[in-house]
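The values are calculated or read from the model by the stated rules, or taken from the named source; none is laboratory data. No experiment lies behind these values; they were computed from the predicted model shown. Glycine gets a Cβ as well: all are built from the backbone with ideal geometry, and neighbour counts include every protein chain shown.
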Amino acid sequence: MSRLDVHHHFYPEVFTRALERAGGDPSGWSIPPWTLEADQQLARDIGVKTAILSVTTPGPCIEKDPKAAAKLARAVNEAGAAIRDQYPSLLHQEEALEELAYAFDHLNADGAILFTRYGEDNHYFGHPEFRTIWAELNKRRAVVFVHPTHAVDIHLVNSHLPQPMFDYPHETGRTAIDMILSNTMHLVKDCKIILSHAGSTLPYLIDRVAGMIPHTQFTTNKSTTGITEDAKQLYFETALSSSQLVLDHLLGFAKDGHVLFGSDFPNAPTDGIEYFTRNLDDHVSETGKQVRVLY
């Protein structure tokens, strides 16, 4: 079986050095040892034919100065031929739009990666400040991969639980529901937006929001059906999220062709990737839902 892996990170040296200068990943996750050889071996082991590379959170935003962040984004983009667009900060629109154009027009990027919140005020994707960025992405009919970043509160629940294991899915759900309730989804109808980790919390909480919020005191012009339809416009990838319970729900929720394969290499351990890949293959084989998952 040949797979297209849409959630697959790489660590060019310039990005690793930037992380090390900043004292490491703010989430507490260690910087994995990445090499092209290890990357290709993992691809062979789990049957990945094509991997769409992206750097992981916090991306170029590890540099707090906008110009330094833009320089890092340029360096990261130039480190690979098939790379996801990296933004210095969505709140520095001139630099972001310039790098977006460079990545798409000069590097032929397959799409863009966005992290779930940006700026000192920690705005999610529905914030009006991002309208210009979304308009440009929509004009380009871009594929946009949404990857979680660490929560505003970086304190760990306990010493055994790094944020990526439990907190990150909540961040993806928060930015996705912000897009829906702010009507941002209607501005990006020509984009294909992929949510990490089976949509994280969104598919499992969307009915709770859709069924309640139109009938509360909170102002919204969206109906229950409208909220659900906007959520179904999204795409979902399976990295670290292919248990039977999750897949049963996701495949019942997502549109045909909206479920993609992801591995989260090299941030996830190889044994874990292989475990979740086997789960996915077994579930697809047993349920006969091959047409519902794009490899």
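Here are a few things to note about the model shown:
- Checking the stated criteria, Leu42 turns out to be touching a Pro at 6+ places or on another chain (Cβ under 8 Å), of a type in the set (A, V, I, L, M) and surrounded by 15 or more Cβ atoms within 10 Å (Cβ to Cβ).
- Looking only at segment 4-37, residues that are within 30 Å of Asp282 (Cα to Cα), at pLDDT 85 or above and outside any loop (DSSP other than H, G, I, E, B) come to 6 in all.
- Of all residues assigned to segment 76-98, none qualifies as being modelled with pLDDT of 90 or more, part of a loop (DSSP other than H, G, I, E, B) and not aromatic (Phe, Trp, Tyr).
- Filtering segment 152-204 to residues that are among the β-branched types (Val, Ile, Thr), closer than 15 Å to Tyr235 by Cβ and part of a loop (DSSP other than H, G, I, E, B) leaves only Val188.
- Filter result (surrounded by fewer than 19 Cβ atoms within 10 Å (Cβ to Cβ) and of a type in the set (S, T, N, Q)) within segment 50-76: Thr50
- Residue in segment 144-159 that is closer than 16 Å to Lys192 by Cα and either aromatic (Phe, Trp, Tyr) or over 11 Å from the mean Cα position of the chain (by Cα) (or both) present: yes
- Complete set of residues in segment 245-292 that are of a type in the set (S, T, N, Q) and modelled with pLDDT of 90 or more: Ser263, Thr270, Thr277, Asn279
- The one condition in (1) at pLDDT 90 or above; (2) surrounded by fewer than 16 Cβ atoms within 10 Å (Cβ to Cβ); (3) closer than 30 Å to Asp282 by Cβ that Gly47 fails to fulfil: (1)
- Taking the criterion of being of a type in the set (A, V, I, L, M) and either out of contact with any Ser or Thr (no Cβ under 8 Å at 6 or more places or on another chain) or more than 28 Å from Val157 (Cα to Cα) (or both), the residues of segment 18-45 that qualify are Ala18, Leu19, Ala22, Leu36, Ala38, Leu42, Ala43.
- Residue that is farthest from Trp29 (Cα to Cα), among those in segment 147-162 that are crowded, with 17+ Cβ neighbours inside 10 Å and touching a helix residue (DSSP H, G or I) at 6+ places or on another chain (Cβ under 9 Å): His147
- Any pair with Cβ under 6 angstrom, 6 or more apart, that starts in segment 190-215 at a residue that is within 17 Å of Val144 (Cα to Cα) and ends at one that is part of a helix (DSSP H, G or I) and basic (Lys, Arg): none
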